[in-house]
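Down below is the structure, laid out as structure tokens.
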Amino acid sequence: MDIDELLDHVRRLDGVLELAPGEGSEFPPIAWGDHFFYYAPDGQVPTSTQPFATIVTKNYPDDELSRLDDEGRWRVNVHVGRGAVPGAPSDPGEADVVHRHPVYGDVGWVAVVNPGERTSATVLDLIDRAHVAARARWDRRAG
């Protein structure tokens, strides 16, 4: 799966708001080129919740183990809940493997560098489930 295929999938989900900061935007330069997905059917970026999934294209401070500054590397991150995160990987930079997120694994996030043949279906399923959970949280708050 390439990044455009993944973006197309997430963009087709109902109620999704994509935040994709670009160069010169009001967002910090570190976020430029990345994608943050919220369940927000009102079209407003939520102020009291995190995205349910993100795509990052570069290393962030204190998050360099995935080696995203290397050419052609990107990572999808999905919130799966605390009880669903795998144990610590031997190499969080290994591509096409579902890993505990190298920074946010303890709070229920998993990560996949360059999803491919082994993980594409799993990644899409995890995103779909995270979307359903985000929608349920939205409905409870609106409630």
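Every number in this text was worked out from the coordinates using simple rules, so none of it is lab data. Computed from a predicted model, the values in this text were never measured in an experiment. A quick note on method: Cβ atoms are made from the backbone with ideal geometry, for glycine too, and the neighbour counts reach across all protein chains shown.
Working carefully through the options Asp34, Asp8, find the one that is without any contact (Cβ under 8 Å) to a residue 40 or more places away in the chain and either surrounded by fewer than 15 Cβ atoms within 10 Å (Cβ to Cβ) or among the small types (Gly, Ala, Ser) (or both). First the steps, then the outcome.
Numbers: Asp34 fails: either surrounded by fewer than 15 Cβ atoms within 10 Å (Cβ to Cβ) or among the small types (Gly, Ala, Ser) (or both).
Of Asp34, Asp8, the one residue that is without any contact (Cβ under 8 Å) to a residue 40 or more places away in the chain and either surrounded by fewer than 15 Cβ atoms within 10 Å (Cβ to Cβ) or among the small types (Gly, Ala, Ser) (or both) is Asp8.
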Item to check | Residue selected from the range 84-132 under the condition surrounded by fewer than 18 Cβ atoms within 10 Å (Cβ to Cβ) and of a type in the set (Ser, Thr, Tyr), by the criterion farthest from the chain's Cα centre (by Cα) | outcome: Ser90
